[in-house]
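Q: Can you read through this structure? Questions will come right after.
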Amino acid sequence: MIKVIKQNKALFLLLLSFPVVLLCTMPLLPTHDDWTSSHAPHPEPFSLTLFLPHLGYWRIPEVMYGWICAHYRWLFPGLAHVLTVSGHYVGMIMIWKLCTLFRVSALSRNIATMFFLVSTGMIATITACDGMSQTWTHTLGLIALYLFLKNNSAYYWIIIILLACIIKENAMSWFFIIPFVAFFTKQCSKESIKQQLVPLAIVVAFYLTLRLTLPTADSEQLREEYFHIFNIPMMLRGIAMTIAFPLLPIDYASLLQAEYRNLPIVALSFITTIPFLYVLLLRSIHSKLNSKAKTLLIAVFLCVGIHIITIFSFMHVYSCMGMMALFIATLIDNDKKTKANTYIFTFAFYFITAVCVDAHHYKAAYDSGIMGKNIALQAIEKTKKPVKKVFIIYYDNGYKKYSNFYVIPIEAMGWGTAAQWETQYHWPEEIDNEYISDAAAIHTTAKRKLSEGFDCVWVIHSDSPQQTSRGNVILDVIK
């Protein structure tokens, strides 16, 4: 054991951060679709329908997690954070092992592993209460890739990807990414790939047939977003996010959100990261990229391709993090001109900047979770007694959300679901909502909803006089 630690000293030092990161994520509370997706707590009795597609997805572990948390409340959302953070760290170990398998230098391996651990490309997933599926799908893909490269004749990597598909559908891309990377990085022969094609085709056909023929637990067979394909502006946005968020850790929370914009901080984070990126990317242009680097760069976009052509968010960047880290390792290993100390010095600034940017995003996610909980508690306190039907009016003053960090107030409370959670789903039984941008229409709408049979109306608004500002969120009750 001591010998293993000595041989992998840098990795074990990074692993020491695991309890710190886990303790930091535990206080993060659910917001937005953490309350409404298939992994959200759902207190219905146990039945076989839990194993059927829900809400257009077929993700058995997510649904079982939501059912368990509804019946063992103390597990939510802490268990999700344990699963997400542990999955990320297992993924980090796999980056280390894959770098070793690719025979890159110790410097390349160490920087790639540290990049994977702290890159801003992972923060939306790690701070979310629904990040466990994204994390473990990606990690299982890395494990399957490692096992295939270690033993080209074995088939169990296909079963691992099939398991990942049941966790989250985007794992299907790994069925093609793994043979692609193995062949073009010259880690296996053409004959080995051919031997895998038949069992691979059988498993893919089996999964697709099962997915499309299973009855659903609700009315949605496939998620609507699957059909929102080839929107060119959105695809270009997704490509830009795939490049920018993992590689360039500027403080996006101080840039993209008008209310909290701090351009000096953005500029500082840009200045401290550019030296490493200059050394890494611009210098490598002068030296030809080898086939391994080209293959891994293509694999980066193959990992996020399904999201780019359908719907893309900050969280989806995580699906390419492993390939991005391996791409960086090969770039550094391929650079024979730059001194090791140059990489160490510039990456030190890059690493510190990424940690600071991650911390800022963490604080934003924490504040949004607390806000959602406080709005739910306000609603319960001001309503004073249990009611069956509630209508929520959100005064939309133009405030725009930023992923799961700066969340719109009504979405922070899950459109009312957080209040149901606080009452252990006893009340309200039915919730509907509407976004209204005209303040004068709020009372008219409230009166109409009361006449339609709602017991009360919750009005969520900000005390800030500024447009597009979240300010302090207030909830009023109209009966």
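Q: What are the residue pairs meeting all of these: first residue in the range 386-398, first residue in contact (Cβ under 8 Å) with a residue 60 or more places away in the chain and more than 21 Å from Ala439 (Cβ to Cβ), second residue among the acidic types (Asp, Glu) and surrounded by 17 or more Cβ atoms within 10 Å (Cβ to Cβ), Cβ atoms under 9 Å, and 6 or more apart or on different chains?
A: Val387/Asp455; Lys388/Asp455; Lys389/Asp455
Q: Any residue that is open to solvent by 50 Å² or more (accessible area, probe 1.4 Å), out of contact with any Leu (no Cβ under 9 Å at 6 or more places or on another chain) and over 25 Å from Ser119 (Cα atoms) - is there at least one of those in the range 401-424?
A: Yes, there is a match, as at least one residue in the range 401-424 is open to solvent by 50 Å² or more (accessible area, probe 1.4 Å), out of contact with any Leu (no Cβ under 9 Å at 6 or more places or on another chain) and over 25 Å from Ser119 (Cα atoms).
Q: While we're on this one: Let me spell it out: the conditions are (1) in contact with a Ser or Thr (Cβ under 8 Å, 6 or more places away or on another chain); (2) among the charged types (D, E, K, R); (3) open to solvent by 60 Å² or more (accessible area, probe 1.4 Å), and Lys168 meets all of them except one. Which number is the exception?
A: Unmet for Lys168, out of (1) in contact with a Ser or Thr (Cβ under 8 Å, 6 or more places away or on another chain); (2) among the charged types (D, E, K, R); (3) open to solvent by 60 Å² or more (accessible area, probe 1.4 Å): (3).
Q: A further question follows. When both residues are 6+ apart or on different chains and their Cβ atoms are under 6 Å apart, which pairs have a first residue that lies in the range 183-198 and is within 18 Å of Tyr156 (Cα to Cα), and a second that is modelled with pLDDT of 85 or more?
A: Gln187/Leu149; Cys188/Ala182; Ile193/Pro179; Ile193/Phe183
Q: Quick one: which helices (runs of 4 or more DSSP H) lie wholly within the range 235-312 and hold at least 2 residues that are open to solvent by less than 20 Å² (accessible area, probe 1.4 Å)?
A: Where helices (runs of 4 or more DSSP H) fall fully within the range 235-312 and carry at least 2 residues being open to solvent by less than 20 Å² (accessible area, probe 1.4 Å), they are 263-277, 291-308.
Q: Pairs please, first residue from the range 331-347 and among the hydrophobic types (A, V, I, L, M, F, W, C), second anywhere and at pLDDT 90 or above and in a loop (DSSP other than H, G, I, E, B), Cβ atoms under 9 Å, 6+ apart in sequence or on different chains.
A: Ile332/Val104; Ile332/Ser105; Ala340/Ser105
Q: Could you list all residues from the range 443-462 that are assigned to a helix (DSSP H, G or I) and open to solvent by 20 Å² or more (accessible area, probe 1.4 Å)?
A: Selection gives His443, Thr444, Lys447, Arg448, Lys449, Leu450, Ser451.
Q: Tell me which residues, restricted to the range 144-159, are assigned to a helix (DSSP H, G or I) and open to solvent by 60 Å² or more (accessible area, probe 1.4 Å).
A: Lys150, Tyr156, Ile159
Q: Hey, another quick one. Suppose we keep only residues that are of a type outside the set (Asp, Glu) and in contact with an Asp or Glu (Cβ under 6 Å, 6 or more places away or on another chain) within the range 119-140. Which one would you say is farthest from Asp33 (Cα to Cα)?
A: Checked the range 119-140; the qualifying residue farthest from Asp33 (Cα to Cα) is Ile123.
Q: May I ask you to list the residues in the range 351-402 that are among the basic types (Lys, Arg) and closer than 21 Å to Pro77 by Cα?
A: Lys363, Lys373
Q: Okay, next question. Among the residues of the range 371-400, how many are assigned to a strand (DSSP E or B), open to solvent by less than 40 Å² (accessible area, probe 1.4 Å) and within 16 Å of Trp427 (Cβ to Cβ)?
A: 3
Q: How many residues are charged (D, E, K, R) and open to solvent by 30 Å² or more (accessible area, probe 1.4 Å) when one looks only at the range 60-100?
A: Counting residues in the range 60-100 that are charged (D, E, K, R) and open to solvent by 30 Å² or more (accessible area, probe 1.4 Å) gives 2.
Q: Still on this structure: Before we move on, is Ser469 touching a Ser or Thr at 6+ places or on another chain (Cβ under 8 Å) and either on the phi > 0 side of the Ramachandran plot or modelled with pLDDT under 90 (or both)?
A: Criteria met by Ser469.
Q: Go through the range 402-428 and give me each residue that's assigned to a helix (DSSP H, G or I) and either closer than 27 Å to Gly121 by Cα or among the aliphatic types (A, V, I, L, M) (or both).
A: Pro409, Ile410, Glu411, Ala412, Gly414, Ala418, Ala419, listed by residue number.
Q: Of all the helices (runs of 4 or more DSSP H) wholly in the range 1-96, which have at least 3 residues that are free of Cβ contacts under 8 Å to residues at least 12 places away in the same chain?
A: The helices (runs of 4 or more DSSP H) meeting that bar are 2-7, 9-15, 18-25.
Q: Output the number of residues of the range 333-361 satisfying the condition of being crowded, with 20+ Cβ neighbours inside 10 Å, of a type in the set (Val, Ile, Thr) and over 25 Å from the mean Cα position of the chain (by Cα).
A: Of the residues in that region, 1 qualify.
The values are calculated or read from the model by the stated rules, or taken from the named source; none is laboratory data. If you're wondering where the values come from, they're calculated on a predicted model, not measured in any experiment. FYI the Cβ positions are ideal-geometry reconstructions off the backbone, even for glycines, and counts take in every protein chain you see. Accessible surface is based on the protein model in full, side chains and every heavy atom, while ligands, DNA and RNA are left aside. Shrake-Rupley method; radii C 1.70, N 1.55, O 1.52, S 1.80 Å.
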